[in-house]
Amino acid sequence: MSNSPDRGAKPRPQSSAEAATLPTDPELGNAPTVVANTVAIGGRRAQKDPFTLVSGESISPQVDAGDTDIEGTSGKRRYEPGAVIGAGGMGEVRLHLDRRIGRRVAKKTLHRTLDSQAARQRFLREARVQGQLEHPAIVPVYDLDVDDQGRAFFTMKRVRGLTLERVMDRLRTHDADTVKRFSTRKLLTAFAQVCLAIDYAHTRGVLHRDLKPGNIMLGDFGEVYVLDWGLAKVVGENEDETDDAPASMPLLGASAALTRGGALLGTPAYMAPEQLLRKTDEVDARSDIFALGAILFEIVTRIPFRSSADVAEIVRCVHEGEVIRPSERMAEVAPELDEACARALAKDPEERPARARDLADAVERFLDGEQDAAVRKTLASQHAETARRAPRMDAYRETFKALALDPNNEDAQGLLVHLLTDETGEVPEAAQKELDATRDQTRAAGARLGTFGLLLWLAMFPVSVLIGVRNWPAVLATAIVTIIAAIFSYHMSKLPRFGVGSVGVLAALVAGVVAMTSCYMGPFILVPTCAATAGILLSTHARKNERLVYVVLVSIGALLPFIAEIGGIFPRAYSFEENRVVVFARAIALPEGATHAAMIYSTLSFVILCTVLMGRARDALESLERRRFVQSWYLRELFPAGRKSASPAS
């Protein structure tokens, strides 16, 4: 039973005189708070008759020992009434001054309209159950009596603070002050205190049956209270006797309608499956532990365990299987807390912790930094096993999770080394796109290098002019085809991507350059070297299916002049004589000095171009091999088990 204002508050207009006399709420500001009494039925809130509620006065700055004569504060003169701080279907909670002690207390009085024998019995039962649970986290009951009108009342400690429900709501909206005041560590510490309070109640034979964030109060000075024991059950009591109040008599702060035996008592969003399914003979301490697990789930994820308030929907989810691991909602949850939630939220009560203290101990071990090695090793093995059967990307994720939990897990070490060094697996579509983009850049660079090579060979034109031109049409045609090939190669280097069609055109142009080069000194002096250089240049950056195009076209360009000479289309460029081959001047003259210079230029051009090209390709390959070797070496040193090259099951 909470003596804080109802959470379903709705304001109503106040007169200026009325507002001036009401105490102010330090949490809500200077405005008085007026709310309507609300009672949730089946997970939904229903509006009842309105009551004026205020949160109470500020704390006195100093304790007043007082000198009042104790005899003058006896009996009905002991309590001086103050503002209403809560109201509900069964009673009204009003702030009173205990004149004998000199302190403010919360006094709950049974409504006169419900002062029947059944209502009084249930009211007294609530007071006695809560009063006998003497624990720092349970609001103490001070007195139980009847007032001058014959109505039953009991007084209890006046508590101040925020409910965990309100704290969680504010954390979800990233309220700066709440985030600063209530860290996850602070909430977990408070949660452990709640678990111990519930464990104490269980040792006294009392089940709470309505544990939820709204029934946990966090004070400004470290206090933690478990509120609202109106639905508590004493083990051994007859269910029909304790739950026989009519539906029109809900307790203050109760979360569900109270009906006769077998009724749904509690808040469905936090109920254990056996409570939801109304298996009353199975409801025991482990049902409260389930609710604690749901609260812990919400603390670590900031997400409610169940989002629906519809009982039928919740029951359906229970039958079909619920998400009971916080890590399935938020991956970064600590494994110890993840395992603690999973155990507490088990559908089968036999699989839950036997005591609430066990849940508190698990949380406190986590807060103390004591990692549960056994839990981590088990979870690591599970992740490694999942990785063996998972697709490659999921296998990476599961392997990293396994190593994060247990860096010495040999299966995970072997899997990681295999995944990072194996080249036989399929390339993911996204990775293939990145790889293709990189290859396109490399092919563009190759096209630029080809442009440079063609321009280098174009320099043979001025060389031939210096030597002496005999056939201007042939020399000019060779230069023109070379220029066209160079321009087209440069154009290709500017394209984001080019395919086999562009490759075929460039190969045909280069083949033409190779063929026409024979006009200088025949088909077997410059042409083979020119063809080989062109083939290397084109094939270095070609795709597999493009290389055949290069080989065929360049080979045709190299052999075509020889075939033309054999067929008599062109005059012979050489003749065989005894112990010598005679080369005839064709498109250019062949003076000794100039020809030597031209031969030296062409030789150096081919050597330099091929060396630069193959050197760059080899440097790139060596850099790749070096990176891969060093990566593999570090992996093997970091994970010795990786030398076994364990691989996922196919």
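The values are calculated or read from the model by the stated rules, or taken from the named source; none is laboratory data. Everything quoted here is computed from the prediction, not taken from an experiment. All Cβ positions, even for glycine, are placed from backbone atoms using ideal geometry, and neighbour counts span all protein chains on display.
As a summary of the residue check, L506 satisfies the conditions (1) crowded, with 21+ Cβ neighbours inside 10 Å; (2) assigned to a helix (DSSP H, G or I); (3) more than 58 Å from the chain's Cα centre (by Cα) except for the one numbered (3). When you check A649 against the structure, is it at pLDDT below 80, in contact with a helix residue (DSSP H, G or I) (Cβ under 8 Å, 6 or more places away or on another chain), farther than 26 Å from L454 by Cα and surrounded by fewer than 10 Cβ atoms within 10 Å (Cβ to Cβ), yes or no? Here the answer is yes, as A649 does meet what is asked. The single condition among (1) under 25 Å from the mean Cα position of the chain (by Cα); (2) touching a residue at least 40 places away in the same chain (Cβ under 8 Å) that A331 does not satisfy is (2). Checking each residue of the stretch 354-370 against the condition of being over 24 Å from the mean Cα position of the chain (by Cα) and over 25 Å from R286 (Cα atoms) gives at least one match. Taking the stretch 387-478 as the region of interest, the helices (runs of 4 or more DSSP H) fully inside it that hold 2 or more residues being under 30 Å from M521 (Cα atoms) and among the aromatic types (F, W, Y) are 429-458. Return yes when Y601 is outside the structural domain of V505 (by TED's automatic domain parsing) and either in a strand (DSSP E or B) or surrounded by 14 or more Cβ atoms within 10 Å (Cβ to Cβ) (or both) and no when it is not. Yes, satisfied. None of S575, S539 is free of Cβ contacts under 8 Å to residues at least 40 places away in the same chain, assigned to a helix (DSSP H, G or I) and either in contact with a Phe, Trp or Tyr (Cβ under 8 Å, 6 or more places away or on another chain) or among the small types (G, A, S) (or both) except S539.
Only one residue in R185, R170, R181 is in contact (Cβ under 8 Å) with a residue 40 or more places away in the chain and assigned by TED's automatic domain parsing to the domain that holds F297, so which one is that? If you could, list the steps in order and put the result at the bottom.
Numbers: R170 fails: in contact (Cβ under 8 Å) with a residue 40 or more places away in the chain; R181 fails: in contact (Cβ under 8 Å) with a residue 40 or more places away in the chain.
None of the other options fit; the residue is R185.
For the stretch 546-561, a residue qualifies if it is farther than 17 Å from A474 by Cα and of a type in the set (G, A, S), and exactly one does: S555. Whenever a residue of the stretch 508-529 is outside the structural domain of A486 (by TED's automatic domain parsing), it has no partner that is in a helix (DSSP H, G or I) and crowded, with 21+ Cβ neighbours inside 10 Å lying with C-beta atoms less than 7 angstrom away and at least six residues away or across chains. Every test in (1) polar (S, T, N, Q); (2) assigned by TED's automatic domain parsing to the domain that holds E274; (3) surrounded by fewer than 19 Cβ atoms within 10 Å (Cβ to Cβ) is passed by N215 save one, and that test is (3). With respect to the conditions (1) surrounded by fewer than 21 Cβ atoms within 10 Å (Cβ to Cβ); (2) closer than 16 Å to W229 by Cα, I138 falls short on a single one, namely (1). Among the residues making up the stretch 543-600, a single one is within 19 Å of N471 (Cβ to Cβ) and among the acidic types (D, E): E565. Going through (1) in contact with an Asp or Glu (Cβ under 6 Å, 6 or more places away or on another chain); (2) in a helix (DSSP H, G or I) one by one, Y634 falls short only on (1). The lone criterion from (1) part of a loop (DSSP other than H, G, I, E, B); (2) in contact with a Ser or Thr (Cβ under 7 Å, 6 or more places away or on another chain) left unmet by C530 is number (1). If the condition is being surrounded by fewer than 19 Cβ atoms within 10 Å (Cβ to Cβ) and within 60 Å of the chain's Cα centre (by Cα), then the stretch 470-485 contributes I483, I484. Among the residues making up the stretch 116-126, a single one is surrounded by fewer than 19 Cβ atoms within 10 Å (Cβ to Cβ) and touching a Phe, Trp or Tyr at 6+ places or on another chain (Cβ under 9 Å): L124.
Conditions tested, residue by residue: (1) closer than 17 Å to L276 by Cα; (2) in contact with a helix residue (DSSP H, G or I) (Cβ under 6 Å, 6 or more places away or on another chain); (3) at pLDDT 95 or above.
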site: D288; (1), (2), (3): yes, yes, yes
site: A291; (1), (2), (3): yes, yes, yes
site: R306; (1), (2), (3): yes, yes, no
site: I314; (1), (2), (3): yes, yes, no
site: C317; (1), (2), (3): yes, no, no
site: V333; (1), (2), (3): no, yes, no
site: E339; (1), (2), (3): no, yes, no
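All of (1) under 18 Å from K212 (Cα atoms); (2) more than 25 Å from the chain's Cα centre (by Cα); (3) among the acidic types (D, E) hold for D348 with one exception: (1).
Which of the residues that make up the stretch 365-403 are more than 30 Å from Q193 (Cα to Cα), among the aliphatic types (A, V, I, L, M) and surrounded by 14 or more Cβ atoms within 10 Å (Cβ to Cβ)? So that I can check it myself, show each step before the final result.
Residues of the stretch 365-403 more than 30 Å from Q193 (Cα to Cα): 380-403.
With among the aliphatic types (A, V, I, L, M) added as a condition, the list becomes 380, 384, 387, 390, 393, 395, 402-403.
If the condition is that a residue be more than 30 Å from Q193 (Cα to Cα), among the aliphatic types (A, V, I, L, M) and surrounded by 14 or more Cβ atoms within 10 Å (Cβ to Cβ), then A380, A384, A387, A390, A395, A402, L403 are the ones that fit.
Screening the candidates A532, A585, A564, A594 for the property of being under 19 Å from T478 (Cβ atoms) and touching a Leu at 6+ places or on another chain (Cβ under 9 Å) yields one hit, A594.
Mind checking which helices (runs of 4 or more DSSP H) fall wholly inside the stretch 108-222 and carry at least 2 residues that are within 35 Å of the chain's Cα centre (by Cα)?
Counting at least 2 such residues, we get 164-172, 176-181, 184-203.
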